[in-house]
1. Working carefully through the options Val254, Val304, Val270, find the one that is within 13 Å of Asn38 (Cβ to Cβ) and either of a type in the set (D, E, K, R) or part of a helix (DSSP H, G or I) (or both).
2. Check Asp84, Asp45, Asp60 and return the single one that is open to solvent by 30 Å² or more (accessible area, probe 1.4 Å), free of Cβ contacts under 8 Å to residues at least 40 places away in the same chain, of a type in the set (Asp, Glu) and under 28 Å from Ile318 (Cα atoms).
3. Out of Pro85, Pro80, Pro75, which single residue is modelled with pLDDT of 85 or more and under 20 Å from Asn38 (Cβ atoms)?
4. Between a first residue in the range 87-98 that is part of a strand (DSSP E or B) and a second residue that is β-branched (Val, Ile, Thr) and open to solvent by 70 Å² or more (accessible area, probe 1.4 Å), which pairs have beta carbons less than 6 Å apart while being 6 or more apart in sequence or on different chains?
5. Please determine, by comparing only the residues of the range 314-335 that are farther than 22 Å from Cys267 by Cβ, among the hydrophobic types (A, V, I, L, M, F, W, C) and open to solvent by less than 60 Å² (accessible area, probe 1.4 Å), which one is farthest from the chain's Cα centre (by Cα).
6. What residue, of Glu222, Glu232, is open to solvent by 60 Å² or more (accessible area, probe 1.4 Å), modelled with pLDDT under 90 and part of a helix (DSSP H, G or I)?
7. Got a sec? Which of Ala288, Ala260, Ala275 is hydrophobic (A, V, I, L, M, F, W, C), in contact (Cβ under 8 Å) with a residue 40 or more places away in the chain and part of a helix (DSSP H, G or I)?
8. In the range 238-285, which residues are among the charged types (D, E, K, R) and open to solvent by less than 50 Å² (accessible area, probe 1.4 Å)?
Amino acid sequence: MLRIELTAAAGGQPGYGELSLRGWPGGTDGLELSVLRNQDSLYLDAGGGWDSLPVWHAIDGLERRGELLVGSVGPWLVDPLVRDPKMVYRLQLRDAGQSDAGVLRIVGDILSSSAVGQPQPEEPAPKPRAAPPEAKPEPVTVEPPVEKPRAEPSLVARREDEEAPVTPPPGPVRWLPLVLGLLALLGIGLGAYWYFVLRPQTLTPVAEAPAATPAPAASGGEANPCDATALEGAGDDLAFIQACLRSNPPTARVLEVIDAAKRAKRCGVVQRLYAHKAQAGDAAIAFAYAREYDPQTFAAGGCVKSADAETAAYWYEIALANDPANADAKKRLEALKP
């Protein structure tokens, strides 16, 4: 079984890396490589996409360095692999006479070719704007006032002033009846209020109706987006997985959903929940995923097609990295490592 690593190329050029394979007993001529994405069992195709059928890529330039085969690889391989760092990839190498495989380990930060940026042109410094010219005041011509001849008051005007009519005194106020009417209406209203509201009641009180018993609250509350019931009603696996993970479910619930997805043969849900939670640091999920591949605990007929000691060791290592006290994971890892 091969131990395969991908590291950044010398100089850290985006889109390029160095591929090393330990344990290959054959030569370096006529080699072909296939890349399997573990979560959905799709293969890397010639255009950088993923296909359900195996695709073999001719790989040249690998050279022997002791027990290692080492060579440079370009964007055709690096870009699809680093696009989603949470994915797990299984690489298989073959020539005319033999074949071997192993789980890829991506070491360090490797950039895709799309990370190459273009230098941005410097923006010219803004030019200072000239101040607007100062407006000069226009001369104002002052004309001397023209005096109008004063008219002597005529005899007729003086006569009118002397004989101005006298304004008669105002008549009686006309709004007094309106005020009196309003006061009368107010008195009637107060009397009715006392009679119907404040006066002691002599009628026999009507028996009060029994208070309505509140309806019991629904025991389930809001629907849980991450349980077997939600899985049954979900038509799209990816939408269910996203809703489930957004609810931040506990480990026990994730394992329950995985068991339900196994029974329903929804292997995409099984693989993605396992891989996402294990890569996120859930030691119990990583340990359970390792047991799916472990030849000692592998069960046929499930979502994992066959036992794989290398893949099991990979997930046992992740489980131990997050829970060093897991003695079972440590024991199985020691048994599976060559």
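The values are calculated or read from the model by the stated rules, or taken from the named source; none is laboratory data. This structure is a prediction, so every number in the text was calculated from the model and none was measured. Every residue, glycine among them, receives a Cβ derived from its backbone with ideal geometry; neighbour counts consider all protein chains shown. Heads up: the accessible areas ignore ligands, DNA and RNA and are worked out on the full protein's heavy atoms, side chains in. Shrake-Rupley method; radii C 1.70, N 1.55, O 1.52, S 1.80 Å.
1. Val270
2. Details: Asp45 fails: under 28 Å from Ile318 (Cα atoms); Asp60 fails: under 28 Å from Ile318 (Cα atoms).
None of the other options fit; the residue is Asp84.
3. On the way: Pro85 fails: modelled with pLDDT of 85 or more; Pro75 fails: under 20 Å from Asn38 (Cβ atoms).
Going through Pro85, Pro80, Pro75 in turn, just one is modelled with pLDDT of 85 or more and under 20 Å from Asn38 (Cβ atoms): Pro80.
4. So the pair list comes out empty.
5. Step one: of the range 314-335, the residues farther than 22 Å from Cys267 by Cβ are 317, 320-335.
Keeping just the survivors that are among the hydrophobic types (A, V, I, L, M, F, W, C) gives 320-321, 325, 327, 329, 333, 335.
The next check asks that each one be open to solvent by less than 60 Å² (accessible area, probe 1.4 Å); those that pass are 320, 329, 333.
Values: Leu320: 29, Ala329: 33, Leu333: 35 Å.
Of everything passing the filter in the range 314-335, Leu333 is farthest from the chain's Cα centre (by Cα).
6. Numbers: Glu222 fails: part of a helix (DSSP H, G or I).
Step by step, each of Glu222, Glu232 is checked, and only Glu232 is open to solvent by 60 Å² or more (accessible area, probe 1.4 Å), modelled with pLDDT under 90 and part of a helix (DSSP H, G or I).
7. On the way: Ala288 fails: in contact (Cβ under 8 Å) with a residue 40 or more places away in the chain; Ala260 fails: in contact (Cβ under 8 Å) with a residue 40 or more places away in the chain.
Exactly one residue qualifies, and that residue is Ala275.
8. Filtering the range 238-285 for residues among the charged types (D, E, K, R) gives 246, 253, 256, 259, 262-263, 265-266, 272, 277, 282.
Listed by number, the residues that qualify are Arg266, Lys277, Asp282.
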